[in-house]
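Take a look at the structure set out below.
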Amino acid sequence: MTDEPRFAELRRRLGEVEDLRKARQLLQWDLETMMPPAGADVRAEQLGTLARLAHELFVADEVGTLLEELRPYEESLPYDSDEASLVRVTRRDYERAHRVPAELRAEIVRAGAHGIKAWQEARAANDYARFGPALERNLELQGRYVDCLDDGGDRYDVLVAEHEPGLTTVDVERVFEPLKAGLVPLVTGLEPPTGDALEADGGPEVVRGVLRRLGFDGEWGRVDHSVHPFASSFGHGDVRLTTYADGGLRAVYAALHEFGHGLYERGVSPALERTPVGEGASSAVHESQSLLWENLVGRSAPFAGWLAGVLAVDADALYRTVNRVERSLIRVDADPITYSLHIVFRFELERELLAGSLAAADLRDAWNERVAGYLGLDVPDDRRGVLQDIHWADGLMGYFPSYALGHVASVQIWERARADLPGLDEDLGRGEFAPLVDWLREHVHRHGRKFTTLETLERAAGAPFDPEPLLAHVRAKLEETA
Ligand code: ZN
């Protein structure tokens with residue numbers, strides 16, 4: 001076989017893997033939006049079967065052989081070409097997928113299901129001690145997973161690279177240390193907000209109207225409701241968002257966030273469809289896009305002015321409401337200013353747990369200590385403390401840093417877009433979003449997963465991760481809304 005038919009064969013095989021992955025995601029979407037509760041048990045089996053088949057097709061020896069044979073072809077092409085990128089990224093995925101035994105993967109999934117059950121029971125009883133043994137089991141399995149992929153560096157590196165290709169623990173620390181140093185004094189000194197928050201009603205039609213104006217088109221997108229808003233995409237022509245069912249400002253801002261995720265998937269070059277590079281670059285880059293729309297567009301004065309017209313409310317009151325800052329115990333309720341601190345201490349605790357310097361039995365005390373030190377709050381009970389997130393119960397470790405990295409990147413990318421688009425404020429004030437959408441498509445979206453997290457950020461923002469723009473943005477907001 002020469003290179004072209006070899007490459008075509010690789011694409012054919014990867015296309016089938018993607019078909020199975022997307023079918024699994026569609027079943028997952030259905031589970032969270034439409035499925036009656038009694039469907040849960042058989043759905044878990046269906047999801048498991050599709051995941052196993054996709055994994056088996058992907059790690060087949062033939063795929064490994066094709067990737068080896070295509071090395072000279074890849075090296076003969078420009079680094080950023082679709083073809084070279086596809087071979088390079090697929091090889092990276094393949095090497096990771098191949099080093100972890102299927103049985104260990106299955107065990108992690110099963111332990112996650114048990115972990116969630118133990119977590120729910122512990123939450124109901126408001127007692128961390130009941131969750132401890134399940135967390136210990138998850139930690140043991142994460143340790144075995146890391147053993148498979150450990151190349152002798154910091155063991156947490158393996159988990160960081162899982163979500164942020166090319167990044168290490170030290171890279172994360174270099175961003176989080178100055179972020180923490182900058183935010184802790186600001187946040188611990190915050191006074192409780194004064195004045196009432198604006199109540200804007202407006203049902204699901206309002207959310208749909210705002211999304212239409214943003215360019216979210218019924219030809220390729222749909223909006224539904226779910227308990228936890230999310231976005232998914234099953235192809236260039238099928239992008240789905242969910243938001244809260246009850247409408248109001250909370251639903252509008254959740255929809256803005258998910259729109260950012262959906263727009264990213266929609267903007268990936270259609271030439272990359274049905275390949276492993278036909279989706280967003282990483283969790284952090286994805287979050288940079290959702291947060292850009294939710295916080296930097298959505299909480300700006302020009303946008304708030306436009307939205308106030310749509311909702312028929314006072315623009316000033318709306319702006320103040322969406323920019324309220326309050327220290328809170330719960331991560332998902334946190335405002336954009338205090339949010340990163342919730343992430344920084346989770347990152348620290350995860351590392352200590354994985355390294356064994358913190359025992360699962362001591363996690364509650366360590367958690368409460370960090371909340372007191374970083375947010376200046378006393379944790380009254382486990383439900384509002386160490387038991388609030390599902391991630392560790394599900395065996396998902398190393399994911400939290402992506403949220404704050406995305407937050408940092410969102411401001412860097414936003415500043416670059418503002419510099420390139422001098423009329424941006426006026427556009428947003430008129431409800432004119434196409435120039436920003438086009439800019440993001442050109443600088444971020446179209447590349448899909450061709451580049452690593454850092455490569456993607458440098459192409460979009462012209463710099464590696466830098467917490468300074470976020471800190472400056474936070475200081476300016478606090479001054480302005482004080
Ligand atoms: Zn998100």
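So that you can scan it fast, the table gives a plain yes or no per residue for (1) in a helix (DSSP H, G or I); (2) under 30 Å from Phe451 (Cα atoms):
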{"site": "Leu67", "(1), (2)": "yes, yes"}
{"site": "Tyr79", "(1), (2)": "no, yes"}
{"site": "Ala106", "(1), (2)": "yes, yes"}
{"site": "Ala111", "(1), (2)": "yes, no"}
{"site": "Ala122", "(1), (2)": "yes, no"}
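Taking the conditions (1) closer than 21 Å to Leu14 by Cβ; (2) outside the structural domain of Phe400 (by TED's automatic domain parsing) in turn, Gly278 satisfies each one other than (2). The residues on offer are Val379, Val386, and the sole one that is away from the ligand (no atom under 16 Å from the Cβ) and in contact with a Gly (Cβ under 8 Å, 6 or more places away or on another chain) is Val379. Within region 425-449, the residues that satisfy the criterion of being open to solvent by 20 Å² or more (accessible area, probe 1.4 Å) and in a loop (DSSP other than H, G, I, E, B) are Arg430, Glu432, Arg449. Is at least one residue of region 160-171 outside any loop (DSSP other than H, G, I, E, B), within 16 Å of the ligand (Cβ to nearest atom) and touching a residue at least 60 places away in the same chain (Cβ under 8 Å)? The answer is yes, given that some residue of region 160-171 is outside any loop (DSSP other than H, G, I, E, B), within 16 Å of the ligand (Cβ to nearest atom) and touching a residue at least 60 places away in the same chain (Cβ under 8 Å). For beta carbons closer than 8 Å, sequence separation of 6+ or different chains, a first residue in region 15-36 that is touching a residue at least 24 places away in the same chain (Cβ under 8 Å) and a second that is basic (Lys, Arg) and open to solvent by 60 Å² or more (accessible area, probe 1.4 Å), the qualifying pairs are Gly15/Arg274; Glu18/Arg274; Asp19/Arg274. Filtering region 106-140 to residues that are open to solvent by less than 30 Å² (accessible area, probe 1.4 Å) and among the polar types (S, T, N, Q) leaves only Asn138. Please determine, by comparing only the residues of region 141-173 that are within 19 Å of the chain's Cα centre (by Cα) and of a type in the set (D, E, K, R), which one is least open to solvent (accessible area, probe 1.4 Å). Among those that are within 19 Å of the chain's Cα centre (by Cα) and of a type in the set (D, E, K, R), it is Glu164.
Gly235 passes every criterion in (1) in the same structural domain as Ala118 (by TED's automatic domain parsing); (2) at positive phi apart from (1). The helices (runs of 4 or more DSSP H) found wholly in region 244-347 and carrying at least 2 residues that are over 26 Å from Lys450 (Cβ atoms), more than 16 Å from the ligand (Cβ to nearest atom) and without any contact (Cβ under 8 Å) to a residue 24 or more places away in the chain occupy 301-311, 315-322. The residue that is least open to solvent (accessible area, probe 1.4 Å), counting only those in region 225-240 that are among the aliphatic types (A, V, I, L, M) and more than 11 Å from the ligand (Cβ to nearest atom), is Val239.
Listed by first and then second residue, the pairs with beta-carbon distance under 6 Å, at least 6 apart or on different chains, first residue in region 211-234 and among the polar types (S, T, N, Q), second more than 16 Å from the ligand (Cβ to nearest atom), are Ser226/Thr33. Residues in region 451-463 that are in contact (Cβ under 8 Å) with a residue 60 or more places away in the chain and either within 24 Å of Arg324 (Cβ to Cβ) or open to solvent by 20 Å² or more (accessible area, probe 1.4 Å) (or both): Thr452, Leu454, Glu455.
The values are calculated or read from the model by the stated rules, or taken from the named source; none is laboratory data. Just so it is clear, the structure is predicted and the values come from calculations on it, not from any experiment. All Cβ positions, even for glycine, are placed from backbone atoms using ideal geometry, and neighbour counts span all protein chains on display. Surface areas here come from the heavy atoms of the whole protein model, side chains and all, with no ligands, DNA or RNA. Shrake-Rupley method; radii C 1.70, N 1.55, O 1.52, S 1.80 Å.
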